[in-house]
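First comes the structure, then the notes that go with it.
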Amino acid sequence: MTSKTLFITGVSSGFGLALAREALSVGHRVIGSVRNDEARRAFEALHDERAHAMLLDVTDIEAIPGAVADAESRFGPVDILVNNAGYGHEGIFEESPLEEMRRQFEVNVFGAVAVTQAFVPRFRERRRGHIVNITSMGGFITMPGIAYYCGSKFALEGISEVLGKELKPFGVHVTAVAPGSFRTDWAGRSMQRSPRSIADYDAMFDPIRRAREEKSGKQLGDPAKAAKAILKLVDLPEPPAHLLLGSDALALVRDKLTTMAADIDTWESLTRSTDG
């Protein structure tokens, strides 16, 4: 594998940290975004020469272009951008304030898009590059209690797919990587949970919330193996537009597609009835 430079947002934990560690272990250079000096020191301690931390909050939209320019000025052209920074919001739709949706989209969508916009001209002009957006199986399938999260990941999946079509003529690849359940902090420390208030939802949702909390840290997916898979992905000459990670994501998305195909067939006549 040829040595490359990766810019990864959110390298303090989860997929970002796992990917950075794996990339460093095989000889790549990693520029990682962190949000405080303590995290900066911890990240740069991973490797004396090839681990570089940038203080950056992806919701600070105005700071992003300068941070990207500074990174390339100091460490050279970036080959791979990985938009990993994000978090999960859990809450019944009716109980979840709109402000929590706004914050969810600020981080998971607007932050990723702003970082991508800073890199796209550079990749396009160099006629190479790979943008990897970490989405979720929640960008394909849904379940009660994560409407805002799924909405953000559905949005990022769609944006990624369109961007890939726009950049393909310039040799720049875009892949939306959709993990299933992995042993990260997503369902634990990182999860933002709206308080419960409406008893009508207790029977349906309380067991879901309890199961998610109890499962945290015991999920099937191994972040280190996800990191290896992503490094294989970015080494492909023709990478896919979408990549699922984890057998649970594979099964659930296949079920969703089967159900959707059946619904399309069932209502085909009604669908066609609107033609002129």
Legend entry - Residue among P223, G171, L250 farthest towards the positive dipole end of the range 5-251, charges placed on Cβ: G171
Inset, instruction - Work out the P(r) tail for the range 5-251: percent of alpha carbon pairs separated by more than 31 Å, whole number. - result: 21
Inset, instruction - Calculate how steeply helix 147-167 sits against the longest principal axis of the alpha-carbon atoms of the chain, using the helix alpha-carbon long axis, and give the answer as 0 to 90 degrees to the nearest 10. - result: 50
Inset, instruction - Estimate the FRET efficiency between R272 and A241 by the formula 1/(1 + (r/R0)^6), using the beta-carbon distance for r and 41 Å for R0, to the nearest 0.05. - result: 0.90
Legend entry - Ratio Rg/Rh, restricted to the range 1-122 and using Cα atoms, in which Rh is the Kirkwood radius: 1.01
Inset, instruction - Using only alpha carbon positions, build the gyration tensor of the range 47-193, then give the equivalent ellipsoid semi-axes as the square roots of 5 times its eigenvalues, largest first, whole angstrom. - result: 28, 18, 14
Inset, instruction - List S269, S25 from most exposed to least, where exposure is judged by having the fewest other Cβ atoms within 10 Å. - result: S269, S25
Inset, instruction - Take S181, S13, S136, S197 and order them by how many other Cβ atoms sit within 10 Å, fewest up front. - result: S197, S13, S181, S136
Inset, instruction - Quote the relative contact order of the range 42-110 in percent (integer), defining contacts as alpha-carbon pairs under 8 Å separated by 6+ residues. - result: 27
Inset, instruction - Would you mind calculating the gained length between E44 and A261 on full extension (0.36 nm times residue separation, minus the Cα-Cα distance), in nm to one decimal? - result: 73.3 nm
Legend entry - Packing-based exposure ordering (other Cβ within 10 Å, fewest first) of K4, K165: K165, K4
Legend entry - For the range 55-70, 3J(HN,Hα) per residue [Karplus equation, 6.51 cos²θ - 1.76 cosθ + 1.60, θ = phi - 60°, Hz, x = Gly/Pro]: 6, 7, 9, 5, 8, 8, 4, 5, 7, 5, x, x, 5, 5, 4, 5
Inset, instruction - Could you pull out the trypsin sites (Lys or Arg not before Pro) across the range 217-272 that fall in loop regions by DSSP (anything but H, G, I, E, B) with no more than 16 other Cβ atoms inside 10 Å? - result: K218
Legend entry - Value at 222 nm in deg cm²/dmol, rounded to 500, when DSSP H runs of n ≥ 4 in the chain each add -39,500 (n - 2.57): -14500 deg cm²/dmol
Legend entry - Partner lysines for K215 [C-alpha distance under 25 Å; skip if fewer than 8 residues away on the same chain]: K153, K225, K228, K256
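Every number here is computed from the coordinates shown, using simple stated rules; none is lab data. Nothing here was measured: the structure is a model prediction, and the numbers come from that model. Neighbour counts run over all protein chains shown; Cβ positions are idealised from the backbone, glycine included.
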